[in-house]
Amino acid sequence: MVTERLFGAVNGRDIHLVTLADASGVEVELISLGAAIRAIRVPGRNGTPTDICLGYDTPEEYASQDACFGGTIGRCANRIGGARFSIGGREYRVTPNEGRNTLHGGAVGFHKKLWGHACGGDSVTFSLDSPDGEEGFPGNLHAEVTYTLQNGTLTIRYRAQSDADTVVNLTNHAYFNLAGHGGGPVTDHVLTVRADRYTPSDSGNIPTGELASVEGTPLDLRSPAVLGDRLSDPFLAASRGYDHNFVLNGGEGWAAELFCPRTGIALEMSTTLEGMQLYSAGWLTERPGKGGARYAPAHGVCLETQHFPDAVNHTAFPSPILRAGAAYHASTRYRFSVK
């Protein structure tokens, strides 16, 4: 079932809120500002719906605040080192917004844009046109993201096409807290990531180009691990916890699983993409959230499926270059259940 209402307005432009609901009792709220996930309500062990996604009560907060809560990230998620890249021998300079690097699309990424939308059946599709030269990226790009909810599974499908060779790397930046969006630190959550390797980075969080083994590091999440047992490891001190790109093993089955013993809610994630940025919100500053909740560092977990960071500048990485006239397709699924 799909319903729609007005969420508010920003700069005189209406922001719409779309709710997807299915027979499993799961409900997902999405807003046209940033094509963002605002809420995900999942029945917990006691049957009470629990909103497991950090967010805000007003569109003004989404427009003005950082942290990208639930937003669709583009034109290029994660970082581009030195805010520059080359395609076909031509160098492009994009907007630096994290020191000398570009993060999440530049000064005004896709998560700050007002998307068009169309509802149908059990899904909603958001669409956005990004003009040639926006934030320095080449090509007129048309992007779409479709959210579908069926049988307790939220599927996100990304599509894009450009009239010139360009970089495309789309993801969603939902912060999950399976104890509830106001549930405080996620230190009791149990996480599994099916990845044997990760991409080590320099002090600016730009990959060195190496693919390193997770063996012997707190990044070895191949067996279930309690986050509180890992977040204080000195290996993670510089990043204030997890802020690392994992090289997913691929193949059949789930790429990551997250579980909260307080509510019994579990999340399983699968994707067509080769990477996942695990972020434990160490850089999240304290702020008010939905319904009077207070958010602070380590109050959420992001599972950002993606091409590798700075992949356009590393020929050994899978390429994020979308050729003119070609179609970009990627998808990620989140299945919610109770244990």
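The values are calculated or read from the model by the stated rules, or taken from the named source; none is laboratory data. Here the structure is a predicted model, which is why all the values come from computation and not from measurement. In this analysis, Cβ positions are derived from the backbone assuming ideal geometry, glycine residues included, and neighbour counts consider all displayed protein chains. Each accessible area value is taken on the protein alone, full model and side chains, heavy atoms only, with ligands, DNA and RNA left out. Shrake-Rupley method; radii C 1.70, N 1.55, O 1.52, S 1.80 Å.
Taken over segment 99-113, the criterion of being open to solvent by less than 50 Å² (accessible area, probe 1.4 Å) and under 23 Å from residue 157 (Cβ atoms) is satisfied by 104, 105, 109, 110, 111, 113.
For segment 114-137: of the residues being outside any strand (DSSP E or B) and of a type outside the set (Gly, Ala, Ser), which is surrounded by the most Cβ atoms within 10 Å (Cβ to Cβ)?
That would be 137.
Which one is farthest from residue 299 (Cα to Cα) among residues in segment 46-61 that are open to solvent by 20 Å² or more (accessible area, probe 1.4 Å) and at pLDDT 95 or above? The qualifying residue farthest from residue 299 (Cα to Cα) is 60. Pairs are defined by a Cβ separation below 6 Å, a sequence spacing of at least 6 or placement on different chains, a first member in segment 49-61 that is on the phi < 0 side of the Ramachandran plot and acidic (Asp, Glu), and a second member that is in a strand (DSSP E or B) and open to solvent by less than 10 Å² (accessible area, probe 1.4 Å); the pairs so defined are 51/39.
In segment 60-86, which residue that is among the small types (Gly, Ala, Ser) and not in a helix (DSSP H, G or I) is farthest from the chain's Cα centre (by Cα)? Steps first, answer last, please.
So in segment 60-86, the residues among the small types (Gly, Ala, Ser) come out as 63-64, 67, 70-71, 74, 77, 81-83, 86.
This time we only want the ones that are not in a helix (DSSP H, G or I), so: 67, 70-71, 74, 77, 86.
Values: 67: 11, 70: 7, 71: 7, 74: 10, 77: 8, 86: 25 Å.
Ranking the candidates gives 86 first.
Every test in (1) at pLDDT 95 or above; (2) open to solvent by 20 Å² or more (accessible area, probe 1.4 Å); (3) over 17 Å from residue 303 (Cβ atoms); (4) not β-branched (Val, Ile, Thr) is passed by residue 222 save one, and that test is (3). Of everything in segment 293-339 that is open to solvent by 10 Å² or more (accessible area, probe 1.4 Å) and of a type in the set (Ser, Thr, Tyr), the residue that is nearest to residue 261 (Cα to Cα) is 337.
Screening the candidates 171, 199, 148, 187 for the property of being modelled with pLDDT of 95 or more, of a type in the set (S, T, N, Q) and open to solvent by 20 Å² or more (accessible area, probe 1.4 Å) yields one hit, 187. With respect to residue 68, determine if the residue is more than 19 Å from residue 277 (Cβ to Cβ) and not basic (Lys, Arg). Considered against the rule, which asks whether it is more than 19 Å from residue 277 (Cβ to Cβ) and not basic (Lys, Arg), residue 68 comes out as no. When residue 176 is tested against (1) open to solvent by less than 20 Å² (accessible area, probe 1.4 Å); (2) of a type outside the set (Asp, Glu); (3) out of contact with any strand residue (DSSP E or B) (no Cβ under 9 Å at 6 or more places or on another chain), only condition (3) is not met. Under the condition of being touching a residue at least 40 places away in the same chain (Cβ under 8 Å) and part of a strand (DSSP E or B), which residue from segment 138-152 is farthest from residue 321 (Cα to Cα)? Per the criteria, the residue is 150.
Do we find a residue being more than 25 Å from residue 77 (Cβ to Cβ), more than 19 Å from the chain's Cα centre (by Cα), of a type outside the set (D, E, K, R) and not in a loop (DSSP other than H, G, I, E, B) anywhere in segment 207-218? No.
To keep it simple, each residue is scored yes or no on (1) touching a Ser or Thr at 6+ places or on another chain (Cβ under 8 Å); (2) within 15 Å of residue 183 (Cβ to Cβ).
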site	(1), (2)
268	yes, no
276	yes, no
282	yes, no
287	no, no
294	no, yes
299	no, yes
304	yes, no
311	yes, no
